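Here the structure is laid out as C-alpha cells; the discussion comes afterwards.
What follows draws every value from the coordinates through simple rules; no lab data is involved. All figures in this text were calculated on a predicted structure; none of them were measured in a lab. Heads up, the Cβs are rebuilt from the backbone with ideal geometry, glycines too, and the neighbour counts pull from every protein chain shown.
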Amino acid sequence: MPGEVILEVKHLNKHFKVNSGFLGLQREWLKAVNDVSFSLRAGETLGIVGESGCGKSTLGNCIIRLLRPTSGEVRFQGMDICAMTDARLREHRKEIQMIFQDPFSSLNPRKRVFDIIAEPFRVHGTARGKALEEEVLGLMGEVGLDRSYAHRYPHEFSGGQRQRIGIARALALRPKLVICDEPVSALDVSIQAQILNLLKELQAKHHLTYIFIAHGLPSVRQISDHIAVMYLGEIVEMAPKNELFARTMHPYTVGLFEAIPVPDPGKRKEKQLLQGDIPNALHPPTGCCFHTRCPHADEVCVREKPRLTDMGGGHFLACHHPRRGSYGQAGEDQAGAGQAGEVVPGVGGGDVHGADVGALGTGGDAHGADMGTPGTGGDVYGADVGAPDAEGAG
C-alpha cells in the first residue's frame, strides 16, 4: 500500500542558455522543464511518457540534482534538494539513485563488476572487508547475476546483464527513491519483460518508490501506478494508470496509443497517427503547445494556453477540446480499441500544482550534462557510475 508523500516537486523549471546568431552573440533560452509540479507517495511508481525531446530525462536529472534547476523546489522527505549544500547533498544521495538508459557507457570498462557495485559502499564508507564482499555478492544474487561473474569486465556481458549490474549498483545503498531513465529502451522485447519483472520484485521487497521514464505506453502501463504524458516540456495529461487507458482525453495521448503496433491482423484498423515533428523548443508555439500537430485545433488553441485541469477521478488534462476514447487493451494485446471521440464539455482551469498524483514531469535530454552516478557521493558530474541498460542472461 502507498505510504506518505515522499517526493514533492513544485513549480520546477530548467532552462538552458543557447548562443545563436552571428558569432553566437545572440542568447536564447530553451525551456526544457516548464513549471512542473507533482507529488509522489512512498511505494508508488510514476510513469512519464512522451516523444524524444519532451523533457522526461531532464526532469529526472533535476530531481536527483545531476542538473541544478533554474527555479522551483524538489522536496524529498520534506527537505529541499535544490537548496542543499554539496556536503549535505552527498549524504542525501544515499536515498535517491538512478538507473541510466545506456548500460554500456554507464559502466566503467576498466573496472570489474565487483568494484563497480562496491564503489558506492567505498565512497560513503558504509562497508569494507568481508562485509563489503557479502554486500556485493548479495546484490548480485538479488538481480539474478551469478557470483562467479564478480571478477569479469562489462564488455564480457550482454546488454541485459550489464543492466542488471547497473540495477545492483543503484540499490547498493538501499535508496528509497529510484529514477529509472528509460532502463529498457535499448533491450529486446523479451529482455524488457525480464527487467520490468525484476524491478517490480525489487520494489515489493525493498518498498521502493520509482519514477519510470519511457517512450512506450505498454511498458509504462506494466509497472506504473500513475502516468504523466509530456509534450514539449509540459504535462498535457496525467491520471491513474487504469483511468488514463479507460478515458483517454488529450489528442497527443490518443496519438501515442495509435502508434502502438497491433500484431493481430484481425484487430488492425485505420489509425490517426501524429503528423509532423515536435516544434523547436527555443521558439515554442503560442497558446496550446500541441496545436501545430493537433487535428482538432482552432483559433482558441492558437491564442490561449490551456491549464492542467482536474477532470475528476484524479485525471488531469491540459486541452481546450478534450476527446473521449478508450484504450483498455493497449499494452496488453497492443490493440488500441479507442478513437478520438466526442468533445468533452466543461473544461475548467483548476490549478494542479502540488496535486498528489503521478508526476508532472518535463525536460528533454540533459543538454551537455555529464552523467555521473547518484549515490557515490560528492559531485556526481563525471563520476564513474550511472546505471544499467540492458538485461539478458548469457
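Projected onto its three principal axes, the C-alpha set of the range 89-129 covers 27, 25, 10 Å, listed from the longest axis down. Within the range 7-62, all pairs of alpha-carbon atoms sorted by distance into 5 Å bins from zero give the percentages 5, 15, 21, 22, 14, 10, 7, 4, 2, 1, 0. Per-peptide packing, taken as the mean over residues of other Cβ atoms within 10 Å, places 103-110, 33-40 in the sequence 33-40, 103-110 from highest down. Once the Cα-Cα distance is subtracted from the 0.36 nm per residue extended length, the Ser190 to Lys271 segment shows a gain of 26.5 nm. Applying 0.36 nm per residue to the separation of Leu137 and Glu91 and subtracting their alpha-carbon distance, the gain on full extension is 14.2 nm.
From the Cα gyration tensor of the range 151-191, with a ≥ b ≥ c the square roots of its eigenvalues, which class applies: rounded if a/c is under 1.5, or else prolate if a/b is larger than b/c, or else oblate? Note, shape of the range 151-191 comes out oblate.
Could you tell me the calculated FRET efficiency between Ser148 and His207, based on Cβ-Cβ distance and R0 = 25 angstrom, to the nearest 0.05?
0.25
Which of rounded, prolate, oblate describes the range 171-238, given a ≥ b ≥ c as roots of the alpha-carbon gyration tensor eigenvalues and a/c under 1.5 marking rounded, otherwise prolate only if a/b is larger than b/c? It comes out oblate by the Cα gyration axes. If the chain linking Leu23 and Glu304 were pulled fully straight, counting 0.36 nm for each residue of separation and taking away their Cα-Cα distance, it would gain 97.6 nm. The Lys130 and Ser105 beta-carbon pair, evaluated with R₀ = 25 Å, returns a calculated FRET efficiency of approximately 0.20. So what is the diffusion coefficient of the range 232-308 in µm² per second by Stokes-Einstein at 25 °C and 0.890 mPa s, using a Kirkwood Rh over Cα pairs? Calculated translational D: 174 µm²/s. Starting from the alpha-carbon convex hull of the range 83-213, give the projected area averaged over all orientations, in nm². Average of the hull's projected areas for the range 83-213 equals 8.2 nm².
Note on the range 192-324: semi-axes of the ellipsoid equivalent to its C-alpha gyration tensor, largest first and rounded to whole Å, are 28, 19, 14.
Take each peptide in 111-120, 195-204, count the other Cβ atoms within 10 Å of every residue, and average; sorted highest first, the result is 111-120, 195-204. Put simply, the Cα atoms of the range 47-147 extend 44, 33, 24 Å along their principal axes, the longest span coming first.
Among the listed pairs Lys17/Lys94; Lys31/Lys271; Lys176/Lys200, a Cα-Cα separation exceeding 20 Å is found for Lys17/Lys94; Lys31/Lys271.
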